[in-house]
Structure formats: structure tokens, C-alpha cells
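Participant: Let me give you the structure first, and then I'll get to my questions.
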Amino acid sequence: MHEDCDDRHRLCWVGVCFSDFGHDAVCVDKDPSKIEILEAGKVPIYELGLDVLMAKNVAAGHLLFSGDLAEAVGGAEAIFISVGTPIKSIGEP
């Protein structure tokens, strides 16, 4: 798992899966450094084969990453939102 991973990155695999089914998907984050990680082809979570699916769908033009929410949702048919889960002081969600 990438050191910068949080619950919002877990939504990344949803975008990858939808794009692999032939849909166009845009993964959005307000943090430019997280978009840079994804655009560099680095997968922020470990899921067997996710890196291969992500690379394949980016190359096919079905999967994009953006920091511009308004642009990303402009023509969307569906929107999925993921937010960080606060951690208790004992390290549990």
C-alpha cells in the first residue's frame, strides 16, 4: 500500500473497474500530489492486478485523473463519492 493511501484512494479501484467494463471514468482528488501519483501510473493501494488494469484503461483513454471536480462531473451519468474515515485514538476506524 502506498504511504499516502487513505479511504479516498480506495475509490480508485471503482474507477478502474468501471473503465475496464468500457465506461469512461474520472477519479478526482483535491490534492494535486495524489493526482500526480495516479498520473505517474502508481497505484496507491494494493489489489492484485489493479496496476495492470489501471495502465490498460489509461492507455485506452477510458480512465482519467483530475483535480477539477466541476470538469470531471460535467457530463457524468453517475458519481461515486468517497471520504476519509476518521481514526480513533486507538487506531481503529
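Participant: Spelling out what I want: for every residue of the range 47-59, take phi, set θ = phi - 60°, compute 6.51 cos²θ - 1.76 cosθ + 1.60 (Karplus), and round to whole Hz; glycine and proline get x.
Facilitator: Once θ is set to phi - 60°, the couplings for the range 47-59 become 8, 3, x, 4, 4, 5, 5, 5, 4, 4, 7, 5, 4 Hz.
Participant: Sequence gap at least 6, Cα distance under 8 Å: using those rules, report the relative contact order of the range 23-93 to the nearest whole percent.
Facilitator: It rounds to 38 percent for the range 23-93.
Participant: Dipole of the range 33-92 (Lys/Arg Cβ +1, Asp/Glu Cβ -1, origin at the Cα centre): which of SER82, LEU69, LEU48 lies farthest to the positive side?
Facilitator: Positive-end residue among those listed: LEU48.
Participant: If you don't mind, another one. ALA60 to LYS30: extension gain in nm, 0.36 nm per residue of separation minus the Cα-Cα distance?
Facilitator: My answer for the length gained is 8.4 nm.
Participant: What's the carbon and sulfur percent of the range 36-93's accessible surface, probe 1.4 angstrom, rounded to a whole number?
Facilitator: Of all accessible area on the range 36-93, carbon and sulfur atoms account for 58 percent.
Participant: Which of the lysines could be linked to LYS42 by a straight reach, that is with a Cα gap under 19 Å, when you skip same-chain ones fewer than 8 residues away?
Facilitator: Counting by Cα, and skipping residues close in sequence, LYS42 has these lysines nearby: LYS30, LYS34, LYS56.
Participant: Something else about it: Take TYR46 and ILE87, extend 7 Å from each Cα along the Cα→Cβ direction, and tell me the distance between the two endpoints in nm.
Facilitator: Distance between label points: 1.7 nm.
Participant: Could you sort the peptides 71-78, 16-23, 29-36 by per-residue average Cβ neighbour count (10 Å cutoff), highest mean leading?
Facilitator: The packing order, highest mean first, is 16-23, 29-36, 71-78.
Participant: In whole angstrom, note down how far apart the Cα centers of the range 11-28 and the range 33-65 are.
Facilitator: Each part reduced to its Cα centre gives a spacing of 10 Å.
The values are calculated or read from the model by the stated rules, or taken from the named source; none is laboratory data. Note that the structure is a prediction, hence the values are computed from the model and not measured. Cβ atoms come from the backbone with ideal geometry, glycine included; neighbour counts cover every protein chain shown. Protein only, heavy atoms only, side chains kept; ligands, DNA and RNA dropped before computing areas. Shrake-Rupley method; radii C 1.70, N 1.55, O 1.52, S 1.80 Å.
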